[in-house]
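Remarks on the structure that follows.
The values are calculated or read from the model by the stated rules, or taken from the named source; none is laboratory data. Since this is a predicted model, take the numbers as computed values, not measurements. Neighbour counts run over all protein chains shown; Cβ positions are idealised from the backbone, glycine included.
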């Protein structure tokens, strides 16, 4: 089983307090994650704080752009993989994005994984107001097709003409070092699973909805003529480790992250605790071993839930030193 963890590059104000992590903290976190043996670092693609995030008036949420951050992190690490996790395709221009992807993969020595997803609708409406009525899934499909075309090996110019995306005679070089480039897709509903099956992209599934998503994946795989054995199943959740489950739950529920979970995921306290890795070392090991035995290949600590950066580092170390080895040896 592979263990990934997320950078705090775009979390301030709604997943963590403001003034949580700047460039120096992101550098320290990346170096420490590599030292601790994590398989990959994920970065967030949030750009514009919107009013519904309820960031306190007068507070500034510093969000560092995803691909630029990964390029920086590539320069301060040597082995750990880098995941654009996930690129919000409806908000992105595909030609420039393709150029960024290829550049980061080249500069990192072939360490990039590309994740794709829908993102948050309120942010989309602010960034693309003239397209606010467009079905975002259409944009994802077209931009994914465009990216596949722009990034494929070869030196001939390519063109694309879709409903929302069009370009002519584009020749981007260098291409990514990896061929094919590893890809993932956020799978919060059934629609991305059809996309995953069609393109052979690994699904990213929240632990709390794993059974439902795998059941939805089966007919999509059958329709695409694929087997689940062709895919790496990636499962994510939030993390809070403490000496007892009650303390872990209380600290999670009092965090900035918990307010996001309640508002955007529309979850009650009991569901939040049950659907994430919140508890003691032993309890979380038990959850992860159960996932491993179900055939889950890769897990992602999406949010290390703390309101203090130094404590985030402590939790990152605790997970790596006390949980990961037990799961690996189970």
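Which one of these does residue 248 not meet: (1) farther than 23 Å from residue 83 by Cα; (2) touching a residue at least 60 places away in the same chain (Cβ under 8 Å); (3) touching a strand residue (DSSP E or B) at 6+ places or on another chain (Cβ under 6 Å)?
Result: residue 248 fails condition (2) only.
Being surrounded by 22 or more Cβ atoms within 10 Å (Cβ to Cβ) and over 17 Å from residue 8 (Cα atoms) is the filter here; which residues of region 301-322 pass it?
Across region 301-322, there are no qualifying residues.
Would you tally the residues in region 80-99 being more than 22 Å from residue 122 (Cα to Cα) and in contact with a helix residue (DSSP H, G or I) (Cβ under 6 Å, 6 or more places away or on another chain)? Break it down into steps so the answer makes sense when it comes.
Taking region 80-99 first, the residues more than 22 Å from residue 122 (Cα to Cα) are 80-83, 95-96, 98-99.
Of the ones still in play, those that are also in contact with a helix residue (DSSP H, G or I) (Cβ under 6 Å, 6 or more places away or on another chain) are 80, 82, 98.
Total satisfying the criteria: 3.
Failed condition for residue 107, given (1) surrounded by fewer than 19 Cβ atoms within 10 Å (Cβ to Cβ); (2) out of contact with any helix residue (DSSP H, G or I) (no Cβ under 7 Å at 6 or more places or on another chain); (3) closer than 28 Å to residue 200 by Cα, with all others met?
Status for residue 107: all satisfied but (2).
Got at least one residue in region 74-94 being within 18 Å of the chain's Cα centre (by Cα) and surrounded by fewer than 18 Cβ atoms within 10 Å (Cβ to Cβ)?
no
Can you tell me how many residues within region 265-291 are in contact (Cβ under 8 Å) with a residue 60 or more places away in the chain, under 20 Å from the mean Cα position of the chain (by Cα) and part of a helix (DSSP H, G or I)?
Here the count works out to 2.
Quick check on residue 15: is it within 13 Å of the chain's Cα centre (by Cα), surrounded by 23 or more Cβ atoms within 10 Å (Cβ to Cβ) and closer than 16 Å to residue 301 by Cα?
Judged against the criteria, residue 15 is not a match.
I want to confirm something. Restricting to region 37-67 and keeping residues that are surrounded by fewer than 17 Cβ atoms within 10 Å (Cβ to Cβ) and over 19 Å from the mean Cα position of the chain (by Cα), which single residue is modelled with the highest pLDDT?
Out of the qualifying residues, it is 60.
From the list 296, 300, which residue is within 25 Å of residue 212 (Cα to Cα), in a strand (DSSP E or B) and out of contact with any helix residue (DSSP H, G or I) (no Cβ under 7 Å at 6 or more places or on another chain)? Walk me through how you get there before you give the answer.
Numbers: 296 fails: in a strand (DSSP E or B).
None of the other options fit; the residue is 300.
Looking at region 133-170, which of its residues are out of contact with any strand residue (DSSP E or B) (no Cβ under 7 Å at 6 or more places or on another chain), in a loop (DSSP other than H, G, I, E, B) and farther than 19 Å from residue 196 by Cα?
Listed by number, the residues that qualify are 133, 134, 153, 154, 155, 156, 162, 163, 164, 165.
Residue-by-condition table, conditions (1) outside any helix (DSSP H, G or I); (2) in contact with a helix residue (DSSP H, G or I) (Cβ under 9 Å, 6 or more places away or on another chain); (3) modelled with pLDDT under 95:
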| position | (1), (2), (3) |
| --- | --- |
| 203 | yes, yes, no |
| 211 | no, no, no |
| 215 | no, no, no |
| 218 | no, yes, no |
| 222 | no, yes, no |
| 226 | yes, yes, no |
| 229 | no, no, no |
| 235 | yes, yes, no |
| 238 | yes, yes, no |
